[in-house]
1. In whole angstrom, how far apart do the alpha carbon centroids of the range B:37-86 and the range A:27-88 sit?
2. Note the angle between two axes, namely the Cα long axis of helix B:3-38 and the longest principal axis of the Cα atoms of chain B, as a number of degrees from 0 to 90, rounded to the nearest 10.
3. Apply the Karplus parameterisation 6.51 cos²θ - 1.76 cosθ + 1.60, with θ equal to phi minus 60°, to every residue of the range A:160-176 and state each ³J(HN,Hα) to the nearest whole Hz, in sequence, with x for glycine and proline.
4. Net charge within 11 Å of B:Lys334 by Cβ-Cβ distance, Lys/Arg positive one each and Asp/Glu negative one each, not counting B:Lys334 itself?
5. Please list, in order along the range B:222-231, the HN-Hα scalar couplings obtained from phi with the Karplus expression 6.51 cos²θ - 1.76 cosθ + 1.60 (θ = phi - 60°), rounded to whole Hz, x for Gly and Pro.
6. Between the range A:110-175 and the range A:193-235, what's the alpha-carbon centroid distance in Å?
7. Need one word for the protein assembly as shown: rounded, prolate or oblate. Basis is the Cα gyration tensor (sqrt eigenvalues a ≥ b ≥ c); a/c below 1.5 gives rounded, then a/b vs b/c decides.
8. So for the pair B:Ala376, B:Ile159, with labels modelled 7 Å out along Cα→Cβ, what separation do we get in nm?
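Derivation of every value follows stated rules applied to the coordinates shown; laboratory data play no part. Since the structure is predicted, the reported quantities are computational estimates derived from the model, not experimental observations. Neighbour counts are summed over all protein chains in view; Cβ atoms, including those assigned to glycine, are modelled from backbone coordinates with ideal geometry.
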Amino acid sequence: MLASIIASGLATGAVYALIGITYNTMFATSRVMSFTAGQLGMLGGVFGSLFMVVWGLPSLVALPLALLGCAAVGVVTEFLAVRPVLKSLDKHLYVLSTLALALMIQQVTAIKWGTEPRPFPRLLDIGSGVLDEKFWLPVATCLLVIAALEYLYRRTLVGRAFIAIAEDNFAARALGLPERDLRIASYALAGAIGALAGFAGGELLLAFFANGPLLSFYGFVPVALGGLGNNRGAAIAGLALGLFQQAANFLVGGVFASVAVFSVFIVVLLAAPQGLLGAAAARRV
Amino acid sequence: MTSMSRAARPEAVIRAPAKQGMIGALLPFVVPFALALVLPFSANDYWALIATRAAIYWVLVSGLNLVVGFAGQLAIGYVALLTLGAYTTSVLAAGNVLPPIPSLAALLAAGAVGAVFGVVVGLPALRLRTFYFAMATLGFATIVTQIALAWQGVTGGGIGISGPTFPAPFDSPWGFYSLCVGIAALCTCMSANVAHSRFGRALIAIRDAEVAAEASGIFKPRLLILVFIFAGALAAVAGGLFASLQTYITPDAFTFDLSILFFISILIGGRGSIIGPLLGTILLTLLPEFAAPLASWSTFLYAALLLVIVLAVPGGIAGLIDTRRRERLDSDRKVQPHPAALGCLLPTIREDRSLTLENIALTFGAVRAIDGLDLAVESGRVHGLIGPNGSGKTTTLNVISGYYTPQQGRMTLAGAPLPFGRPHLRSEFGIARTFQTPRLVGEATVIENVMIGGTINGRTTFAEAMLSLPRHWREEKALAQDAHAALESVGIASLAHVHADRLQHSELRFMEIARALMARPAFLLLDEPAAGLSPDEIVRLGQLITAISDQGTGVLLVEHHADLIFDICDHVTVLNLGKVLAEGTPADIRVHKEVVSAYLGG
């Protein structure tokens with residue numbers, strides 16, 4: 001029993017962490033928290049099921065297609081909901097514009113794909129019981145994504161440009177970095193990461209339109225707790241959240257598990273609004 | 001011109017626009033409520049249902065509007081409170097926990113429960129930033145539905161519970177309709193009263209100029225809690241009515257789409273308006289009815305509307321129907337201060353008081369922004385604070401006004417210790433200030449902006465303002481008169497009813513001074529008031545500052561214009577690297593060797 005709690009806890013936690021990283025990737029270049037992060041995860045699952053189950057494509061073809069599809073959605077987010085808002089004086093409008101776009105994505109999916117959860121195929125058919133692929137696949141994907149991002153940010157020129165923009169937008173532009181192109185690229189990257197989350201967690205979460213808001217919320221918890229922009233913090237907080245949620249699920253039942261998760265989220269945030277691993281606030285006057 | 005006629009003038013000026021404004025503001029409300037009165041003659045029960053639903057939604061939205069549209073808190077999960085109100089009313093009326101009570105009493109009880117939970121849902125807003133708060137309310141919305149589903153003994157779980165039925169004459173469709181429209185009208189009045197009181201102005205100030213709001217003595221947590229109580233109670237009452245309209249409720253009835261409808265109604269209507277969100281609510285309630293084939297796309301339509309509004313029409317419906325915004329302004333207008341008018345605003349202070357800083361030190365990391373500073377500002381004098389960039393001038397102002405807490409030293413005001421921090425208490429100590437970049441509410445008129453500065457003088461309670469009791473009216477009138485006197489003295493009285501975002505930069509600087517004067521300060525801190533002003537305007541500004549100090553107010557003036565400093569200051573302190581480099585009369589400073597070489601140049 002304990003083993004299965006740990007397995008499913010780590011697996012869902014890894015999916016939450018990946019959505020958290022999606023949030024962070026978009027935030028890094030634009031200072032925008034986008035409600036579409038969870039929808040990208042949801043779309044990853046829906047695209048996977050559409051390509052493999054409905055169209056019958058092999059997973060090696062379906063995965064790049066799903067990544068491309070979500071990357072495209074990421075770019076659309078940048079064009080429709082982020083860029084116009086960054087131009088306006090009231091930057092908080094991004095909360096509304098990304099919320100609007102997230103709702104539109106969800107509603108279109110509900111109408112075109114259906115409101116019932118649909119199955120997601122087995123990808124590799126490796127393992128059974130607590131070592132089933134549906135449990136270890138998300139964890140492995142999460143570790144892989146973090147390692148790849150670390151490599152990107154620390155070892156490559158493009159990655160360093162991302163960091164430069166995240167650290168100081170004005171200075172980066174003064175240095176001649178193509179800020180707008182890099183922002184579009186980071187939204188495409190975020191889309192792909194979201195797709196990976198949905199794809200890897202597909203067997204666990206199924207292809208279901210209502211996963212969008214769910215992932216938006218549970219994916220945000222690791223970001224809030226781990227500190228905005230901190231991918232490693234998001235991974236640790238995400239895995240902890242998954243374990244806590246599954247344990248609470250087993251001990252007190254589903255409804256009170258979500259109440260427990262929510263209470264912890266609120267209490268921790270009220271105590272440490274910057275997150276447990278976050279940086280201090282900027283000056284106001 | 002004598003000072004008597006000066007004092008009499010402001011009143012004459014405000015009467016006319018205020019009255020016109022009142023009729024103009026009420027007119028749009030007449031249309032929907034007149035329609036609501038004639039609707040029963042259609043005797044079409046389908047219309048009764050739709051109109052009742054719109055009225056119920058508006059009961060909730062009218063409260064939420066103060067949270068979202070005025071205070072700018074992005075509460076997207078208000079369906080949580082609707083659900084709570086619906087279940088509380090139904091459970092109390094059905095009596096499956098306690099003995100059954102009459103439906104109307106149950107509705108009132110739900111309002112009380114909603115008031116409490118309104119605060120619970122809103123509390124995170126006191127600590128969290130926009131997106132975080134939005135997420136927190138979203139979480140509440142999910143949880144309340146799940147609890148309703150799980151708590152079968154009370155809520156009936158997924159099977160549900162029947163909603164309350166109201167006694168005659170409210171038991172027929174049109175009877176119930178009249179009850180709902182009546183409550184909606186009452187809520188409209190209450191929320192409009194709050195919106196047009198000092199509480200409403202303070203809410204907008206928190207939204208658009210939080211720092212200036214604090215300096216004007218507005219304490220955000222207290223104000224927000226009052227508004228959360230109000231909005232929570234209305235939302236829960238709406239829930240009780242909603243349950244009765246549905247006749248039978250299950251957790252499925254409270255979808256997140258409803259939250260979105262409420263939230264988007266406000267944004268489509270326009271922030272900081274009452275009529276806009278009212279029209280928005282009616283529009284969004286009717287939209288799916290008119291476009292029946294699109295019913296399943298309704299959420300998509302709402303979201304698309306939201307996106308269009310946010311990107312293309314940030315003012316919403318209210319912005320579109322507000323014609324005053326587009327009136328032409330005189331292009332060669334001048335700021336013409338009338339210091340004589342100060343007399344009817346500022347009390348003449350005769351006793352000598354001083355604001356002193358002793359050995360203040362403040363470090364940011366390794367940077368010593370202020371390094372053992374001593375400073376004494378005397379009442380009735382103009383004290384100049386000059387120095388190169390980064391010498392700690394603005395930081396000193398921020399320490400005095402409580403935004404920064406120094407690591408060492410002490411401050412006194414009239415001999416008594418002045419505690420560090422707590423910027424919202426400075427106004428009460430008689431310390432007012434302006435800012436290097438004007439902090440203003442662009443969507444409010446100039447006079448409303450100035451009245452924000454007088455928030456501290458208000459004595460009426462939230463309830464009095466909500467019910468528009470006589471004391472509230474008297475106070476509002478006095479406040480408006482003061483604001484006119486303040487505008488008259490700084491010289492922009494002709495712009496009183498213009499939206500602040502249409503003003504020129506120099507006019508905004510004078511408006512900030514007018515706002516600071518509203519608190520009748522004993523000490524006024526001015527942070528580079530002459531920046532961006534023309535030479536003429538600087539001269540007039542100098543006369544205004546001198547006149548203010550002649551009333552007995554002590555002025556601490558941070559400035560880079562050396563001419564202004566040497567013209568009007570009684571005493572000058574020169575800072576360099578957080579330390580006092582020199583101090584004395586302007587004549588001493590002008591010839592001080594180090595000052596000349598470090599700062600003035602020579």
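1. Measuring centre to centre over Cα atoms gives 35 Å.
2. It is inclined by approximately 20 degrees.
3. Whole-Hz 3J(HN,Hα) from phi for the range A:160-176: 5, 5, 4, 5, 4, 5, 5, 6, 8, 4, 5, 4, 5, 5, 5, 7, x.
4. Details: positive: B:Arg333, B:Arg540; negative: B:Asp330, B:Asp332, B:Glu507, B:Asp536, B:Glu537.
Residues close to B:Lys334 contribute a combined charge of -3.
5. My calculation for the range B:222-231 gives 4, 5, 5, 5, 4, 5, 5, 4, 4, 5 Hz in order.
6. 10
7. Oblate.
8. Here the answer is 8.2 nm between the modelled labels.
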